[in-house]
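Down below is the structure, laid out as structure tokens.
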Amino acid sequence: MKVTQKDIAERVGSSTSLVSRVLSGQAHKIGVNPKKVEEIFRIAKEMNYIPNPSALVLKGKKTRTLGLVVYDFCDPYFSMLIGDIQAMSHLRNYSTLLVGFLDRKPNDADLMPLYKHCVDGIIVLGTGGDLSWTDSFRDIPVARIGHVEHPNLALSVGVDEDDAMRRIFAHLKNDSGVGRAAYAARPLEAHQMRRKAVERAAREHGVELEECPAVADADSDFEVGVQFAESLIARGRAKFPQAVVCATDSIATGVIKRLHESSIAVPDDIAVTGFDDIPAAANYIPSITSFRQPTRRFAQECFDAMEGAIQSPTRALKGELIIRKSSMRQFK
């Protein structure tokens, strides 16, 4: 049987109107004791209370507000996506509500703005993660920019990973003469999915791929790159791969910086490629070869999904390889 706010009120020993104010994020306006607010949220969770967003809006009336759920606010790639989605919002006459989850797992406080503002749809930025929270929003479309299908998603759109890595390895093999490469990544689901595409592309182009574990004890992609470069340096130059293919541009910047500190030149001693083509990739020294994801297309596809114009729930779009100095080296 579905739990109601009245059921929660009886359990807590408060009025239904007070519970309603708390669960709708209005407790601060009437000075509710913080301990009481905490208790109401705790009891609601224990009773598996699931608000129905569609019941919060008058029948037939839309708010033209979309919830934008971001897995990692520190990731510059997500920043680019947010900008493109905001621009598309203006074109499509929507407002966006920005929320984020700590460690990609939501709690009640994270989800409350989505209930409170009665969003007409939700766009999730990021691959993988726990999507069980979307059970509360089955009456509205939910789209994701990232990979992995889920029954609650109207759309999951991302870059064609195999096409991207085929282009990167074709460039490394044919333009730079690379025969041995390593992959630098974190143990994130998105990075490990990309690893599989790396392995397939390396085999296809006859490039030996060294076994290098993902760096797990770093707080950022940049630090992952630094630690990865340190592991290469510790092996000695004689055992260097000819190229490092990085899961993101931020990892590539860390790799290049640490190598430079040890007087190891990129690309003269080792080639480096990134992924995402964030603004820093073009401005770094040396400028970083990167794979540009079609972020504007992603935004457009998501808004089409919000308006019911997308039929296929999974789409993989092709991007563009941007060749710069970090990989332009002819190995012999």
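The values are calculated or read from the model by the stated rules, or taken from the named source; none is laboratory data. This is a predicted model, so every value here is computed, not measured. Quick reminder, even Gly has a Cβ in these numbers, built from the backbone with ideal geometry, and neighbours come from all protein chains shown. When the accessible area is computed, the model is the full protein with side chains, heavy atoms only, and any ligands, DNA or RNA have been set aside. Shrake-Rupley method; radii C 1.70, N 1.55, O 1.52, S 1.80 Å.
Tabulated data
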| quantity | calculated |
| --- | --- |
| Residue selected from the stretch 265-281 under the condition open to solvent by 10 Å² or more (accessible area, probe 1.4 Å) and hydrophobic (A, V, I, L, M, F, W, C), by the criterion nearest to the chain's Cα centre (by Cα) | I278 |
| Residues that are in a strand (DSSP E or B) and polar (S, T, N, Q), drawn from the stretch 89-130 | S95, T96 |
| Qualifying residue in the stretch 57-75 (condition: at pLDDT 80 or above, surrounded by fewer than 19 Cβ atoms within 10 Å (Cβ to Cβ) and hydroxyl-bearing (S, T, Y)) | yes |
| Restricting the stretch 147-157 to residues that are in contact with a helix residue (DSSP H, G or I) (Cβ under 9 Å, 6 or more places away or on another chain) and crowded, with 22+ Cβ neighbours inside 10 Å, the residue that is nearest to T248 (Cα to Cα) | V157 |
| Enumeration of residues in the stretch 219-264 that are open to solvent by less than 20 Å² (accessible area, probe 1.4 Å), hydroxyl-bearing (S, T, Y) and part of a helix (DSSP H, G or I) | T253 |
| Checking D108 against (1) of a type in the set (D, E); (2) at pLDDT below 95; (3) in contact with a helix residue (DSSP H, G or I) (Cβ under 8 Å, 6 or more places away or on another chain); (4) within 25 Å of K318 (Cα to Cα), the condition it does not meet | (4) |
| The stretch 122-132, subset on the phi < 0 side of the Ramachandran plot and surrounded by fewer than 22 Cβ atoms within 10 Å (Cβ to Cβ), residue modelled with the lowest pLDDT | D130 |
| Leading residue by the ranking (surrounded by the fewest Cβ atoms within 10 Å (Cβ to Cβ)) among those in the stretch 306-315 that are out of contact with any Gly (no Cβ under 6 Å at 6 or more places or on another chain) and not in a loop (DSSP other than H, G, I, E, B) | T314 |
| Hits in the stretch 176-211 - residues which are of a type in the set (A, V, I, L, M) and touching a residue at least 40 places away in the same chain (Cβ under 8 Å) | V178, A181, A182, A184, A185, L188, A190, M193, V198 |
| Test: residue in the stretch 156-175 that is in a helix (DSSP H, G or I), modelled with pLDDT of 85 or more and of a type in the set (S, T, Y) | no |
| Only one of A197, A181, A164, A170 that is under 20 Å from I322 (Cα atoms), open to solvent by less than 40 Å² (accessible area, probe 1.4 Å) and touching a His at 6+ places or on another chain (Cβ under 7 Å) | A170 |
| D135 touching a helix residue (DSSP H, G or I) at 6+ places or on another chain (Cβ under 7 Å), surrounded by fewer than 20 Cβ atoms within 10 Å (Cβ to Cβ) and part of a helix (DSSP H, G or I) | no |
